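Notes follow once the structure below has been shown.
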Amino acid sequence: MPTDETLRSRANPLYKRLRALKERAGEGDLCLLEGPRLVLEALAAGLTIVEAAASPRAEASPAGPAALAGLRQGGVPVRRMAAELVASLSETETSQGLLALARRASFAEEEIFGGTPLVLVADGVQNPGNLGALLRTAEAAGASGAILAGGCADPFSWKALRGSMGSAFRVPHLRGVSIERALDGLDARGIPVLATAADGERRYDEADLRGPVALVVGSEGAGLPADVRERASARLRVPLAGQVESLNVGVAAALVLFEAARQRGFRAARTGG
């Protein structure tokens, strides 16, 4: 359980550390976790959690006791903090009562290319919710890893973590590289690059996705630049009915990734909705 003394001042050093991290998300090697379920995901993934703050709401929530017990078992200092202070740091309308500082997951480049590589390459996806959903889909489809290039959103921002539901902790990924460097690296490894495009010359379900392959998807508005499209060995389209011209980047990526999984004889560990 949290220590007995309740922190009530915004001048408290812990509150200041949490506030600073919220305001400077994406800097340094720490990230801010909010809510018991995300804390449990981080603990299960082996992230190092440095410290945490909890209000009475955390102890009363369904996953709160388990999260607090996990923190305690891991030797993480958990301080009681007044509900209004925790709420002031929350990104949600109703605070979940638990905040934690954790060290970001980091991955070696080789981890992205394990087994028969199925690599998701996101180029300039700046919407953190979309980026988080892409990582969640990549994990669900059994992708070997992801490369977040061209100024993608921070995968450890609160909205991205909410979208990935912890997948950012587990899916091997690299960020902060240019799309040119990412494509050069894939070429050097002999991994074909496929691009999603509304005017692609091949249907996504007619492409051979059984071998090593990288799927590159573009930003929500502009899509993929012409030079990236030209470097792809094939451009895949999703056939659309009616007057719909394009799909959300996450939906298009999901269709291709799960088609690759199907062709590879994918068997889900469990079903989900």
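FYI, it's all coordinate maths here, none of it is from the lab. What you are looking at is a predicted structure, and each value in this text was computed from that prediction instead of being measured. We place every Cβ from the backbone using ideal geometry, glycine too, and count neighbours over all the protein chains shown.
Just the ratio, please: alpha-carbon radius of gyration of the range 1-136 over 2.2 N^0.38 Å, N its number of residues.
Working: Rg = 16.3 Å, N = 136, 2.2 N^0.38 = 14.2 Å.
Against the empirical 2.2 N^0.38 Å value, I get 1.15 for the range 1-136.
Of the labelled options (1) 20.5, 65; (2) 17.7, 51; (3) 22.2, 78, which one gives Rg and Dmax of the Cα atoms in Å as computed for this structure?
Matching entry in (1) 20.5, 65; (2) 17.7, 51; (3) 22.2, 78: (1).
To test your reading of the geometry: what angle, between 0 and 90 degrees and rounded to tens, separates the Cα axis of helix 13-23 from the longest principal axis of the chain?
20 degrees
Spelling out what I want: for every residue of the range 253-261, take phi, set θ = phi - 60°, compute 6.51 cos²θ - 1.76 cosθ + 1.60 (Karplus), and round to whole Hz; glycine and proline get x.
5, 4, 4, 5, 5, 6, 5, 4, 4
State, to one decimal in nm, how far the label point of Ala188 lies from the label point of Ala108, with both points 7 Å from Cα in the Cβ direction.
About 1.6 nm, to one decimal.
With runs of 4+ DSSP H residues as the only contributors, calculate the mean residue ellipticity of the chain at 222 nm using -39,500 (n - 2.57) per run, divided by the residue total and rounded to the nearest 500. Don't skip to the end; give the middle numbers.
Working: 11 runs with 98 residues, N = 273.
Roughly -10000 deg cm²/dmol at 222 nm, from the helical runs in the chain.
Over the chain, what relative contact order in percent results from Cα pairs under 8 Å that are six or more residues apart?
On the way: 528 pairs, mean separation 47.1, N = 273.
It comes to 17 percent, rounded to a whole number.
Using only the alpha-carbon atoms, how far is helix 36-45 inclined from the longest principal axis of the chain? Give it as 0 to 90 degrees, nearest 10.
60 degrees
Normalised by the number of residues in the range 1-99, what is the relative contact order in percent for Cα pairs under 8 Å and 6+ residues apart?
On the way: 139 pairs, mean separation 39.9, N = 99.
Rounded, it is 40 percent for the range 1-99.
On a 0 to 90 degree scale, rounded to 10, what angle separates helix 128-140 from the longest Cα axis of the chain?
The angle comes out near 70 degrees.
In debye, nearest 20: dipole of the range 170-273 around its Cα centre with unit charges on the Cβ of K, R (+) and D, E (-)? Mind dumping the intermediate values first?
Numbers: 15 positive and 13 negative charges, 127 e Å.
Magnitude of the dipole: close to 620 debye.
How big is the antiparallel share of DSSP beta bridges in the chain, given as a percent to the nearest 5? Intermediate results must be reported in sequence, preceding the final value.
Working: 11 of 39 bridges.
Of the beta bridges lying entirely in the chain, close to 30 percent run antiparallel.
Principal axis lengths of the range 119-259 from Cα atoms, whole Å, largest first?
Extents along the principal axes: 39, 37, 26 Å.
Which loop-located GluC sites (Glu not before Pro) does the range 139-212 contain, where loop means any DSSP state but H, G, I, E or B and the Cβ has at most 16 other Cβ atoms within 10 Å? Don't skip to the end; give the middle numbers.
Values: sites: Glu139, Glu180, Glu201, Glu206; in loops: Glu201.
Of the GluC sites (Glu not before Pro), the ones in loops of the range 139-212 whose Cβ has at most 16 other Cβ atoms within 10 Å are Glu201.
Expressed as cubic angstrom per residue, what is the convex hull volume of the alpha carbon set of the range 184-273?
Details: hull volume 11.3 nm³, N = 90.
It is 125 Å³ per residue.
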